[in-house]
Protein chains: 2
Amino acid sequence: MYDFVPAYVAPAGSPIRELHKYVGLPDMISFAAGYPDGALFDVEGVQRAFEQAYADPRRCLQYTGTEGLPVLRDALRSLMVGRAAQVEAENLLVTTGSQQGFDLLLRVLMQPGDICLVEQPAYPATLQALRMHQARIVGLHGDEGGIDTARLRAWLAEHHAAQPIKALYTVPTFSNPTGRTLSVQRRRELLELAVQYRFLVVEDDPYSELRFEGPALPSLLTLAADIPGASDWVVHLSSLSKVIAGGLRVGWMIAHPDIIKRCVIAKQTSDLCCSSLTQAVAAAYLSSGDMDRHFPKVIASYRDKCVALIAALQASFGTSIRVEHPQGGMFLWARCEEVDAARLLAHAIDNRVLFVPGGAFYAESGPSPEFRLSFASPSRQELATGAQRLHAAYQQSLA
Amino acid sequence: MYDFVPAYVAPAGSPIRELHKYVGLPDMISFAAGYPDGALFDVEGVQRAFEQAYADPRRCLQYTGTEGLPVLRDALRSLMVGRAAQVEAENLLVTTGSQQGFDLLLRVLMQPGDICLVEQPAYPATLQALRMHQARIVGLHGDEGGIDTARLRAWLAEHHAAQPIKALYTVPTFSNPTGRTLSVQRRRELLELAVQYRFLVVEDDPYSELRFEGPALPSLLTLAADIPGASDWVVHLSSLSKVIAGGLRVGWMIAHPDIIKRCVIAKQTSDLCCSSLTQAVAAAYLSSGDMDRHFPKVIASYRDKCVALIAALQASFGTSIRVEHPQGGMFLWARCEEVDAARLLAHAIDNRVLFVPGGAFYAESGPSPEFRLSFASPSRQELATGAQRLHAAYQQSLA
């Protein structure tokens, strides 16, 4: 009856979303959701932040500028100083999570058929956003160290003249779904390639604060300051969703002012501004120092859970599972060589355990032995029981 | 340096936004902003709503479904019952203001070159959203009773076969900028034309609760239930921005499930979900009964201010200004025949008073004697003084 645009005639939706219907089943253990652990929210700290923010109720309740509430913009710039990046006001836009930042960027930059390189496996919503904007997705298959920059260099030398690429999307620190982190050396090489071939590097950075092992690495944004011309080609996206709460929907974009200016107009057109109330609460929380007091507990819990899940999987599976060991984030990337993860999932649902099969994270998916396990939300007991159930499902899928 | 999509190469931005730089000048009186009066916010009521919502902190802080927080979805459906519309869950999507609803709709339905009829003068962000989606905008010039459906019928009979239209956008109740309201008879005719010619009627309805005079009229959504086939062709957008607070950024869309389903996927891709916190607060406020206690004060204030501004203008201008008398909303639509409103604005700024010249509300703007005055935010004293200053500017612009 309706004449939908082609991308929406038979829209795919999120493969992870499809699993939602199973999450509520009795006794289900879910390693599927990418949600932070609700038990670790700083409930009292956010309440205090509300009270402080609401001391100026009109600021919380009135519309604010599209660029973001000034007090939050200042707080985010301070936060970025703590992450070794000096950010001017004209380089910053507050967004509804980092996800809106990517969507706005695609709106102002991506025309149908434009090429975007994507580190794969990738966050499914990234792939979906690119599809909706009719971009051509070229997957970069890396290794446990993330994007293989030597292969990327070779690819660019061969293909770029005929097919200039517009952007490259990566989660260089604790990638979703793999938990992989790109080395400093590769980060530098990536930035040099961006300058040489004049493409945008979109650094999606929601997880870097969730480091529970090893020394912190500089972001692409930070490194770009030392590579001539590189700052112009980095778009840095981040979010408070994993460090305070996803329910605030506060993210931000850092980019060249010409890009920010366009994204402001795209945002003004699409939703005018983010909630002043949640922005004011976020600003008050960031300024309170509560995060520094509370966040180490979150990190410690994620560290414990990650270690516990790896141990439980190895206890059940022995050598029949391979799991990468992340230094932070929320995800384990696993593979069981002999089975297709989609088939494993069917048995897993019967055994009351959920995960996301690897195919969800590729632009073109076929059978894959890979899958993603989130260790953030389940309890310690659920991690242990879930690993056993997963192994039972694995044995059934071999039969 | 960057290869922006054409609409963003030299993006226009909002003409109202351009006035922002003058708003902060000392002693400036602004009739320009479309903001509700911050002095009328139900500060205590929203605080109680926060406290009630935050009794379940995890619900406020965790991500929620793209369709919206269930408790808010229920509250909005109850609200719509009070507006004489029975809305099923599958017909409703929570959005970031009504503005996001329109943007999502354009994303799933509008292809470059598709025709959208727009009641003009129109809300500038609507025109901008259509431009960004490369729609062809055909302006409908109505009269003081809104869209002239007889002329629309004639236009469709002549043009529709060659140029099928996809949608018609209207604010049928207390239009921004004119304050005009479409009669019930014309509403019915509009819906019959939509069924006959198979186009979507987008009913943007943020202001209808702000009625301070005359009996309430049924929305297009309500009337459509009695016209065979019409419900399929109505997309109803609304918002709590004018009835609770714009800072919450809570709006909603009501449409056929096929449209909602696509818009959910577009929203999932663009920003995942609205803030759970503001949704929970809005739901608690709607359920508290505080709105029924508080809102009559808002209406009474707007009524008084509207009457006061009209009286002050007539006292200063006599017959050299013509002002339409709205039955609700936040805006007066005025004209001073002998002057171009853009020229009048230059003198007005010198006299420390602001308004929005009429050209901002047309897809193709030229000199216009029309302008919009918002009476919502200024104080009674400012309304009186502002009218005198406006008259001084008018005399200077005649000289």
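The values are calculated or read from the model by the stated rules, or taken from the named source; none is laboratory data. Since the structure is predicted, the reported quantities are computational estimates derived from the model, not experimental observations. Cβ: placed from backbone, ideal geometry, glycine included. Neighbour counts: every protein chain shown.
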Could you give every pair whose Cβ atoms fall below 6 Å, whose first residue belongs to the stretch B:182-199 and is in the same structural domain as B:Ala224 (by the TED database), and whose second residue is part of a helix (DSSP H, G or I) and polar (S, T, N, Q), counting only separations of at least 6 or pairs across chains?
B:Arg186/B:Thr149; B:Glu189/B:Thr149; B:Leu190/B:Thr149
Counted residues in the stretch B:170-207 being under 24 Å from B:Ala245 (Cα atoms) and of a type in the set (Phe, Trp, Tyr) come to 2
Just the residues that are touching a residue at least 60 places away in the same chain (Cβ under 8 Å), closer than 20 Å to B:Leu93 by Cα and not in a helix (DSSP H, G or I), please, taken from the stretch B:210-245.
B:Ser219, B:Ala225, B:Val235, B:His236, B:Leu237, B:Ser238, B:Ser239
Residue pairs within 9 Å by beta carbon, gap of at least six or interchain, first lying in the stretch A:54-78 and at positive phi, second in a helix (DSSP H, G or I) and among the aliphatic types (A, V, I, L, M), listed first then second, are A:Gly68/A:Leu76
Any residue that is more than 11 Å from chain A (Cβ to nearest Cβ), among the β-branched types (Val, Ile, Thr) and over 21 Å from B:Phe174 (Cα atoms) - is there at least one of those in the stretch B:127-137?
yes
Would you confirm whether or not the stretch A:358-378 contains a residue that is assigned by the TED database to the domain that holds A:Arg322, under 15 Å from A:Val23 (Cβ atoms) and among the hydroxyl-bearing types (Ser, Thr, Tyr)?
yes
Just one listed residue, out of B:Ser301, B:Ser368, is surrounded by fewer than 23 Cβ atoms within 10 Å (Cβ to Cβ), modelled with pLDDT under 95 and closer than 22 Å to B:Phe174 by Cβ, and it is B:Ser368
Taking the condition touching a strand residue (DSSP E or B) at 6+ places or on another chain (Cβ under 7 Å), within 30 Å of B:Arg131 (Cβ to Cβ) and more than 10 Å from chain B (Cβ to nearest Cβ), does A:Trp252 pass?
yes
Can you find a residue that is aromatic (Phe, Trp, Tyr) and buried (at least 24 other Cβ atoms within 10 Å of the Cβ) anywhere in the stretch B:231-241?
yes
Within the stretch B:6-20, restricting attention to residues that are within 12 Å of chain A (Cβ to nearest Cβ) and hydrophobic (A, V, I, L, M, F, W, C), which residue is nearest to B:Gln388 (Cα to Cα)?
B:Ile16
Among the candidates A:Ala376, A:Ala342, residue that is crowded, with 16+ Cβ neighbours inside 10 Å, closer than 23 Å to A:Leu130 by Cβ and of a type in the set (A, V, I, L, M, F, W, C):
A:Ala342
Would you please list the contacts, defined by Cβ atoms under 6 Å and residues six or more apart or on different chains, that run from a residue in the stretch B:123-134 that is closer than 16 Å to B:Pro6 by Cβ to a residue that is of a type in the set (Gly, Ala, Ser)?
B:Met132/B:Ala7
Check off (1) of a type in the set (Gly, Ala, Ser); (2) at the interface with chain B (Cβ under 9 Å from one of its Cβ atoms); (3) buried (at least 16 other Cβ atoms within 10 Å of the Cβ); (4) assigned to a helix (DSSP H, G or I) for A:Gly65 and give me the number that stays unchecked.
(4)
Please indicate, with yes or no, whether at least one residue in the stretch B:180-198 is out of contact with any strand residue (DSSP E or B) (no Cβ under 9 Å at 6 or more places or on another chain), within 13 Å of chain A (Cβ to nearest Cβ), at pLDDT 95 or above and part of a helix (DSSP H, G or I).
yes
What is the residue count in the stretch B:291-330 for residues that are in a helix (DSSP H, G or I), within 19 Å of the chain's Cα centre (by Cα) and not basic (Lys, Arg)?
5
Taking the stretch B:140-154 as the region of interest, how many residues are modelled with pLDDT of 95 or more and not charged (D, E, K, R)?
5
For the stretch A:345-354, which residues satisfy the criterion of being within 22 Å of the chain's Cα centre (by Cα) and either under 18 Å from A:Ala399 (Cα atoms) or surrounded by fewer than 24 Cβ atoms within 10 Å (Cβ to Cβ) (or both)?
none
Complete set of residues in the stretch B:269-290 that are part of a helix (DSSP H, G or I) and either away from chain A (no Cβ under 14 Å) or basic (Lys, Arg) (or both):
B:Leu286, B:Ser287, B:Ser288
Over 30 Å from A:Asp290 (Cα atoms) and touching a residue at least 12 places away in the same chain (Cβ under 8 Å): is that true of A:Gln120 in this structure?
yes
Any idea which of B:Arg59, B:Arg131 is within 29 Å of A:Lys242 (Cα to Cα) and either acidic (Asp, Glu) or out of contact with any strand residue (DSSP E or B) (no Cβ under 6 Å at 6 or more places or on another chain) (or both)?
B:Arg59
Taking the stated definitions as given, is B:Pro172 assigned to a loop (DSSP other than H, G, I, E, B) and under 30 Å from A:Cys274 (Cβ atoms)?
yes
Based on what the data block shows, is A:Ala84 crowded, with 23+ Cβ neighbours inside 10 Å, in a loop (DSSP other than H, G, I, E, B) and of a type in the set (A, V, I, L, M)?
no
Restricting to the stretch B:246-262, give me the number of residues that are more than 11 Å from B:Asn91 (Cβ to Cβ) and assigned to a helix (DSSP H, G or I).
4
Would you check which residues across the stretch A:202-217 are crowded, with 18+ Cβ neighbours inside 10 Å and not small (Gly, Ala, Ser) and list them?
A:Val202, A:Glu203, A:Asp204, A:Asp205, A:Pro206, A:Tyr207, A:Glu209, A:Leu210, A:Arg211, A:Phe212, A:Leu217
Quick check on A:Ala122: is it in contact with a Gly (Cβ under 9 Å, 6 or more places away or on another chain), more than 17 Å from A:Val108 (Cα to Cα), of a type in the set (A, V, I, L, M, F, W, C) and not in a helix (DSSP H, G or I)?
yes
Just checking, how many residues over the stretch A:5-60 are surrounded by 18 or more Cβ atoms within 10 Å (Cβ to Cβ) and under 30 Å from B:Trp233 (Cβ atoms)?
5
Within the stretch B:87-108, work out how many residues are within 8 Å of chain A (Cβ to nearest Cβ) and surrounded by fewer than 18 Cβ atoms within 10 Å (Cβ to Cβ).
0
Anything in the stretch B:21-38 that is more than 8 Å from chain A (Cβ to nearest Cβ) and in a helix (DSSP H, G or I)? List them, or say none.
B:Lys21, B:Tyr22, B:Val23
